[in-house]
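Structure first, commentary second.
The values are calculated or read from the model by the stated rules, or taken from the named source; none is laboratory data. All of these numbers come straight from a predicted model, not from anything done at the bench. Neighbour counts run over all protein chains shown; Cβ positions are idealised from the backbone, glycine included. For accessibility, only protein heavy atoms count, side chains too; no ligands or nucleic acids. Shrake-Rupley method; radii C 1.70, N 1.55, O 1.52, S 1.80 Å.
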Amino acid sequence: MTQDCSLRFLFDDADIRGECVVLNDAFNEVTAAHCYSDSIKQLLGEFAAAAVLISNNLKYQGKIVLQARGSGPLELVMMECTSDLQIRGIARGNLKAEAAAPLALLVDGQLAITIEREGGQNYQGIVALESDTLAGALQNYFLQSEQLHTRFWLTAQQGRAAGMMLQQLPAQLQQEPAARQDQWDTACILAETVTPNELVELAPSVMLHRLFHEMPVRIFDPIKVVFGCSCSRERSLNALSLLPEAELVELLTEQGAITMHCDMCGNDYRFVQSDIPMLAENGRVH
Ligand SMILES: [Zn+2]
């Protein structure tokens, strides 16, 4: 069974590209940092699959950040995927909350999609979470912002997350508008027959051959997806140095050390006085 991978595919005779993703360990590491309800795990799984699918649009080093905010019970769902397919993410709010349609936990929600380019300009688009599903919200987003027909199928169950995306490409193989539309409609109708079980259980190549045997697809090699957190001792120290000196002194006096906790991976970074340059120099703590 293929696990934790993403793969792209292209239709031989139609201007349509696609992506598939299956996440197992990487998804479980995202959800392990907190005690999430099943509904929130499902939502995080859909966000994780979506972030990987969208990150395949990146044409340079950087990352995609999906960030949804709501007025409760969930306040935030955030998921990042880098151009080398490392994911991390988190949900904040009432982490015990359950809902039949998990996206409803983000009441009056808004989804921001940010493309962060390493050493370059960021781009951000925002869409209201008016759809019942994340897949529906993303489809609206792509239609509004990119003017591209894009469809998503996302699911998370049995400790796995999975997804598929189809996207229409500029006219090249088929120039005639009606025939182009017909090919797009046919591909979507065939893709629509996929069940959530098939998405998480089947190897992507098997699933794609089953779905699209009427429309031949070329499948590229799978690329590994891993859980990865960008936190570090150095970043934690930088964050600490933004606190007022008096506050640092107080914390060190009370506790002997300051521990910085990363919410996304659960790592702790512990600092004593001599680790903190501005305090080490003048020796203010006795
Ligand atoms: Zn971390």
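Residue count for segment 117-136, restricted to those that are buried (at least 18 other Cβ atoms within 10 Å of the Cβ) and assigned to a strand (DSSP E or B): 1.
Only one of these conditions is not met by residue 129: (1) among the aliphatic types (A, V, I, L, M); (2) under 11 Å from residue 43 (Cα atoms); (3) in contact (Cβ under 8 Å) with a residue 60 or more places away in the chain. Which number is it? Just one mismatch for residue 129, condition (2). Could you list, in sequence order, all residues of segment 236-260 that are surrounded by fewer than 13 Cβ atoms within 10 Å (Cβ to Cβ) and within 16 Å of the ligand (Cβ to nearest atom)? Matches in segment 236-260: 238, 239, 259.
Filtered by the rule that a residue be open to solvent by less than 90 Å² (accessible area, probe 1.4 Å) and more than 29 Å from residue 80 (Cβ to Cβ), segment 198-210 gives a lone residue, 206.
The residues on offer are 227, 152, 142, and the sole one that is at pLDDT below 95, open to solvent by less than 50 Å² (accessible area, probe 1.4 Å) and either within 20 Å of the chain's Cα centre (by Cα) or within 16 Å of the ligand (Cβ to nearest atom) (or both) is 142. Within the set 56, 28, 24, the sole residue that is of a type in the set (S, T, N, Q), in contact with a Lys or Arg (Cβ under 9 Å, 6 or more places away or on another chain), at pLDDT 95 or above and surrounded by 19 or more Cβ atoms within 10 Å (Cβ to Cβ) turns out to be 24.
Please tell me if residue 204 is in contact with a Cys (Cβ under 6 Å, 6 or more places away or on another chain), in the same structural domain as residue 52 (by TED's automatic domain parsing) and at pLDDT below 95.
Yes: the conditions hold for residue 204.
Across segment 263-282, a minimum of one residue is classified as within 16 Å of the ligand (Cβ to nearest atom), open to solvent by 50 Å² or more (accessible area, probe 1.4 Å), at pLDDT 90 or above and basic (Lys, Arg).
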